[in-house]
Every structure is written in C-alpha cells, then in structure tokens.
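These notes are about the structure you will find just below.
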Amino acid sequence: MKRCMYCGHENEDSAENCVMCGNRLLDVSADETAPLEEIPDDDSLGDDDIPDVTPDISLPLDDGSSETAGSDVGRGETVAAQQQLGETGAAEEFGGQDYGYEAQAGGQQEYGGQAYGYDETRDADREEDYDEEDGDYYGGGQLQTKSRKMVKSILFFLPVLAYTASFAAYILFVVLGNARVNLTTFANTVTYRFGSNMITDAINYGVKWVMGQNEWIVNGVMLAAAVPMIFIMLGLWMAFFNTSSRREYNSTAGLTMVRVIEILKFIVSCLLLTGLIALAVVYVVTAGAAAETMSLIVGVIALLAAILFAVLAIMYYLQLIFSIKLVRENVRSGNDIGYIPGFLIFVGIICCAFTVLLMLPMAPDDYIGLAYRGATAAWFLLISLWAVIYRVVVKVK
C-alpha cells in the first residue's frame, strides 16, 4: 500500500496518483511513513500547557555614546535614513509611532532639488522681474518692458501709418495709369538734365521697352510687386496692436510675418543681383574679345559697381532680418541678443533722400505719384528715427 504524503490516504501499490487528492504518490510504503500526529482541540489545552517559545533577547541600551550606530548607516542607506538616525531624538520620534506633519515635511524636502527637475530659483527670478509700476511679472525685466513700450508708442505708430499711406497711394498710382506716364516723364527729365550718355541711353531704352508692352501686363506686374507690401503692412499693424507692456504674454506673429517676407525678398534680390553681375561679366568678356578699350573700361567699372551694390544689398537685408528678430526677442522674452546696426539706420536715411530725389523729375500735377513718393520718404525717415531711439533706449544698463 502507498500512503499519500499530502492527505494520508492509502492507495494500491500500482496507483501512481492519489485517488483522494490527485497528487502524485511517492514510492514509500505505508509502514515506512511517519504516522500523522493528531492535534488536540484548543479547548483541551490549558494556559499552563502552552509552551513559551518567545526567545529571551536582551537589547543594549542606547545612551547616545555608541559609535557603531552612526557607522553602520552609510553603506546602502538613504540620505533620509542617515539624517533620521543621526539627529537627536529621532528614535523617540519614529520609534514611538509619531508620524506627524513635521516628519512628512522633512521627507518632502528631499525631492525639492534640481535633480528632480524643479528649479528653486524660478520663484526668486520672478520676484526680481516684478514691475511695481505696472503690477505684473515680466520674463525679461526692464529690457522687455522698454521694448514693448517702444513698439506700442506713437513713434512706431507714425511710420506704420506712413507705410500704409504709401501702399494705398501705390495701388492708385498703378491702377490709374500714373505709373506708366511717370516712367516716360522720368526718362525725358533725366535726359534733359544730364544729356545723352551711356546711363541715360540705357534708361530710355528700358522705358521704351516697357511702354511697348501690353498695358494690362505691365500693370499686373506692378501690382504683383505690391503683394509683399500687403503682408508687411499687416505684420506692422499686428505688432502694434498685439504689443502691451501690461500683459505678460505678447504675440509676435506680426513681426514674424514681416521677417519671413523680408527673407523671401532677400532671396529674390540675390537672384536678381546674380543676373546683374552675370550680364556685367558677359559685357566685359565681349568687350575684351572685340579689343575695344573704352568698352572694356566701362564694362569693368560696371562690374565693380554691380559687385559693390550686391555686397551692400546683402548686408542691408541681413541686418534688416536680424533687427526684426532682435525686436521680436526683446518683446517676447526680453532676451538681449544685440542692438540695431548703425549701417541699417544709415541706409534708411539714404533711401529717404533718394526717394525725395525721385520726386524732382515728376510732373507737378501728378498728385498721386507725389503722394506715393512722399509717403515712402516719410516711412524711411520715421522708421530710421524710431530705430535710433530704440537703440538708445532699449539696452541693458
């Protein structure tokens, strides 16, 4: 007979599993197995019959002078455990089941460092950036506040208004046909004042070629040139209305729009300048092959002038794009990334003077053309003055 080791049931010798519990039987005979010990009922045992199995353990008293308590903590223990075991009275506080608010506050402080992604100096920075006059928090401090006030000021409103007037006058200037008439008047006046030479002959040839084209095509090309002006005008007005020194967040979508348009204009200008330089090179090579000394000299001078003009134009666009980014960063976050270049301001004044010179050969009764040129000159002058004041006022002291 095989006795089951789990339930004690005796099974046949040929059985492999217990018929009672289903467990596998071992090859142990019923006589060799130890008999099951009967456990008496709880009621039959008295208090005196229960053996005392609690070991007698004597714990040494901690009088605070033991050095092993502090030395055992240090390998594999946390900083909180070292502080708890090292501080006086920690055994009484935690051994006596005292888990009050003070103990929880100490544990929370362990996770307040920068290693857990929390910067404790952020609140201190915000207190330093608090503007008492406006009663608001500013991320960039006084630099951001000054920049926002400059964009929201009347000094910025006037050039934006002048640019809008220039755009409206240009649309009327093209649609009413004054632009085509102005081209002929300009060519005749320049020829009358400076006589017939290579430059005036080139101007007259270009004007005659344009006037020989279809009027609708010429007007369409001129109106297409005004498309960037629309986005620049909208971007300037968005920058003016969305900027406020009393709000913590200011949208800079308008300045971003203006910057994108200027980048596109820079790319187109680079392509046109490349074509201009290529034409000058072809002219010089042709004059050299024909052994015409005077034509070769004129071609070399024209090539150098084209290269110089291309370099100045590239510098202008790069500094203009950077200046827009500068104002946008000052307004949005108060980051100090530089200042408006003086070359850009100088070019703005030169453009103002050149626009005024273009008004001289115009017909006195061309009021729309004069309004367009005058508004454009005012735009260059006012935005240059604003840039000068911005450079002086908006800076880190």
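The values are calculated or read from the model by the stated rules, or taken from the named source; none is laboratory data. The structure presented is a predicted model; accordingly, all values stated were derived computationally and were not measured. Note: ideal-geometry Cβ built from the backbone for every residue, glycine included; neighbour counts use all protein chains shown. The protein model used for the area step is the full one, side chains on, heavy atoms only, and it has no ligands, DNA or RNA in it. Shrake-Rupley method; radii C 1.70, N 1.55, O 1.52, S 1.80 Å.
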With each label point set 7 Å from Cα along the Cα-Cβ vector, what nm distance links Met229 and Ile263?
-> 2.5
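Tell me, rounded to the nearest percent, the portion of alpha carbon pairs in segment 168-303 spaced more than 21 Å apart.
Details: 6012 of 9180 pairs.
When every Cα pair of segment 168-303 is considered, 65 percent fall beyond 21 Å.
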Simple spin-label model, 7 Å along Cα-to-Cβ: Ile301 to Val221 in nm?
-> 2.8
Once amide hydrogens are built 1.01 Å from N within the peptide plane, the residues lying 5 or more places from Lys2 or on another chain with amide H under 5 Å from its amide H are Asn11, Glu12, Asp13
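With the contact rule set at Cα under 8 Å and sequence spacing of 6 or more, what percent relative contact order holds for segment 344-397?
Contact order relative to length: 47 percent.
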May I ask for the distance between the Cα centers of segment 236-299 and segment 328-348, given as a whole number of Å?
-> 19
If you stretched the chain out fully between Cys270 and Leu360, how much longer would it get, using 0.36 nm times the residue separation minus the C-alpha to C-alpha distance?
-> 29.4 nm
Ratio to report: Rg/Rh of segment 236-336, with Cα atoms as the point set and Rh obtained by the Kirkwood method; give two decimals.
-> 1.29
Probe 1.4 Å, all chains present, heavy atoms only: Ile171 accessible area in Å², nearest 10, is 50
Radius, Kirkwood style, for segment 275-397 when every pair of distinct Cα atoms is counted (Å) | 17.7
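Calculate, for Thr189 and Lys149, the FRET efficiency according to 1/(1 + (r/R0)^6) with r their C-beta to C-beta distance and R0 51 Å; round to the nearest 0.05.
Values: r = 45 Å, r/R0 = 0.88.
About 0.70, to the nearest 0.05.
Rank Leu236, Leu308 by accessible area, highest first, at a 1.4 Å probe radius? Don't skip to the end; give the middle numbers.
On the way: Leu236 15, Leu308 105 Å².
Per-residue accessible area, sorted high to low, gives Leu308, Leu236.
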Report the accessible area of Lys325, computed with a 1.4 Å probe over the heavy atoms of all protein chains in place, in Å² rounded to the nearest 10.
-> 80
Residue order for Phe186, Phe354 - accessible surface, 1.4 angstrom probe, largest first | Phe354, Phe186
Bin all alpha-carbon pair distances of segment 247-302 at 10 Å intervals from 0 and give each bin's fraction as a whole percent.
-> 22, 24, 18, 15, 11, 7, 3, 0
Which order do Ile199, Ile314 take when ranked by solvent-accessible area (1.4 Å probe, heavy atoms of all protein chains), largest first?
-> Ile199, Ile314
Which lysines have a Cα lying under 23 Å from the Cα of Lys152, excluding residues fewer than 8 positions away in the same chain?
-> Lys325, Lys395, Lys397
